[in-house]
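Asks: For reference, the structure I am asking about is given below.
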Amino acid sequence: MMQKRPIFAVAPMIDWTDRHCRYFHRQISRQALLYTEMVVADAIIHGPRERLLGHDVAEHPLALQLGGSDPGKLAEAVKIAEPYGYDEINLNVGCPSDRVQSGTFGACLMLTPETVAACVAAMKAVATAPVTVKCRIGVDEQEPEEALPALITRVLDAGADAIWIHARKAWLKGLSPKENREIPPLDYEIVYRMKQRWPDVFIGINGGIRTLDEAASHLAHVDGVMLGRAAYQNAAVLADVDHRFFGAPAAEPDWPALCERMMTYAERHIAAGGRLQHVARHMVGLFTGLPGARRYRQILSTDAAKTGAGPEVLAAAFAAVDFSGTEQEAVSA
């Protein structure tokens, strides 16, 4: 089993948690577990492997999330990913996206727990890192009190090392992916009950968690907590993670030092043929609530997108922020 110390993680988010986002988040929290976007097994087998799997060594601890429903293809993808040194391999059994459903994986796999178990067993047979599952509490007309423990039983029997549970149903018919993140009601209590039922299994919780105080309250019941949009849209929330959850000394964030590190990183990316916007787009929400945040956002949203934009745009954006301000003073920022 995975080590059962409390874990704080940033959730895998399609189109958001790419390698540039993860490098940025890692500069704010040294300890949070970071996840890749979901990468489809077929893409790893047939596509540009370095682009899909490559990452900076600074991103660790880092988990790779895979999508797929074919045990053989998932095992092959795990073997291909092995040299990249991920700290965890996670199987997506929770994404409600149309493009995922058309490939018969993601949340719709909750309807076939035997397939999920076969996938986990195949991945475990070739993986050296822990293999975990991220699921919903159920889909469509399923009764979560039956469907969730049935899935957990199957995947644990297949060798899964941990379960991450998004505490909402997924409605595959009638709701968009965005609506699936907001409309189905949250049921944290069922996740707590799964932990009580399997006290020796690492069980983490995800869904609708907005603050570190909320995260801490969940950790009284489960082993791990995962923030998604709240961590992405205002990454400054990560600044206290290492102190709150990993015992690091309390310290004020060194924002100028962060700016320098991100400028250096952006310079490397641009020199390799990339664009500043690839990096800057993940940084736009960093200073939500501080005086100057609006100007900061404007600079990153417009100037960073211009052809030939360089790291100096990041310096200009940071210079617009008044770090002595408080949230109370910054309501209109």
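Asks: Select from the stretch 8-37 the residues that are in a strand (DSSP E or B) and open to solvent by 30 Å² or more (accessible area, probe 1.4 Å) and list them in ascending order.
Replies: Correct list: Glu37 only.
Asks: Every residue in the stretch 116-139 that is open to solvent by 20 Å² or more (accessible area, probe 1.4 Å) and either touching a residue at least 60 places away in the same chain (Cβ under 8 Å) or more than 23 Å from Ala81 (Cα to Cα) (or both), please.
Replies: Within the stretch 116-139, Pro130, Lys134 meet the criteria.
Asks: Another one. Step by step: first the residues of the stretch 38-59, then only those that are closer than 21 Å to Asn206 by Cβ and outside any helix (DSSP H, G or I), then the one that is most open to solvent (accessible area, probe 1.4 Å). Which residue is that?
Replies: So the residue we want is Val40.
Asks: So, one more: Taking the criterion of being basic (Lys, Arg), within 20 Å of Cys21 (Cβ to Cβ) and not assigned by the TED database to the domain that holds Ser29, would at least one residue in the stretch 224-237 satisfy it?
Replies: No, the stretch 224-237 has no match at all.
Asks: Determine whether the stretch 96-110 contains at least one residue that is polar (S, T, N, Q) and modelled with pLDDT of 95 or more.
Replies: Checked the stretch 96-110: no residue is polar (S, T, N, Q) and modelled with pLDDT of 95 or more.
Asks: From Pro6, Pro12, Pro48, which residue is over 16 Å from Arg261 (Cβ atoms) and free of Cβ contacts under 8 Å to residues at least 40 places away in the same chain?
Replies: Result of the check over Pro6, Pro12, Pro48: Pro48.
Asks: Let me ask you something else. Out of curiosity, is Pro184 without any contact (Cβ under 8 Å) to a residue 40 or more places away in the chain, under 21 Å from the mean Cα position of the chain (by Cα) and either assigned to a loop (DSSP other than H, G, I, E, B) or exposed (fewer than 15 other Cβ atoms within 10 Å of the Cβ) (or both)?
Replies: yes
Asks: Report, by residue number, each residue of the stretch 216-270 that is under 18 Å from Ala293 (Cα atoms), within 21 Å of the chain's Cα centre (by Cα) and either free of Cβ contacts under 8 Å to residues at least 60 places away in the same chain or open to solvent by 40 Å² or more (accessible area, probe 1.4 Å) (or both).
Replies: Ala230, Gln233, Asn234, Val237
Asks: I've got another one for you. Would you please name the residue that is modelled with the lowest pLDDT, looking only at residues in the stretch 146-180 that are touching a strand residue (DSSP E or B) at 6+ places or on another chain (Cβ under 9 Å) and open to solvent by 70 Å² or more (accessible area, probe 1.4 Å)?
Replies: Per the stated criteria, the residue is Trp171.
Asks: To continue, here is another question. It is to be established whether one or more residues within the stretch 87-94 are in contact with a His (Cβ under 7 Å, 6 or more places away or on another chain), buried (at least 20 other Cβ atoms within 10 Å of the Cβ), closer than 28 Å to Leu172 by Cβ and not hydrophobic (A, V, I, L, M, F, W, C).
Replies: Within the stretch 87-94, one or more residues are in contact with a His (Cβ under 7 Å, 6 or more places away or on another chain), buried (at least 20 other Cβ atoms within 10 Å of the Cβ), closer than 28 Å to Leu172 by Cβ and not hydrophobic (A, V, I, L, M, F, W, C).
Asks: Looking only at the stretch 197-209, filter to residues that are part of a loop (DSSP other than H, G, I, E, B) and under 15 Å from Asp187 (Cα atoms); which one of those is most open to solvent (accessible area, probe 1.4 Å)?
Replies: Gly208
The values are calculated or read from the model by the stated rules, or taken from the named source; none is laboratory data. In this text the structure is predicted, and so the values were computed from the model without any measurement. All Cβ positions, even for glycine, are placed from backbone atoms using ideal geometry, and neighbour counts span all protein chains on display. Quick note on the areas: whole protein, heavy atoms, side chains included, nothing else; ligands and nucleic acids left out. Shrake-Rupley method; radii C 1.70, N 1.55, O 1.52, S 1.80 Å.
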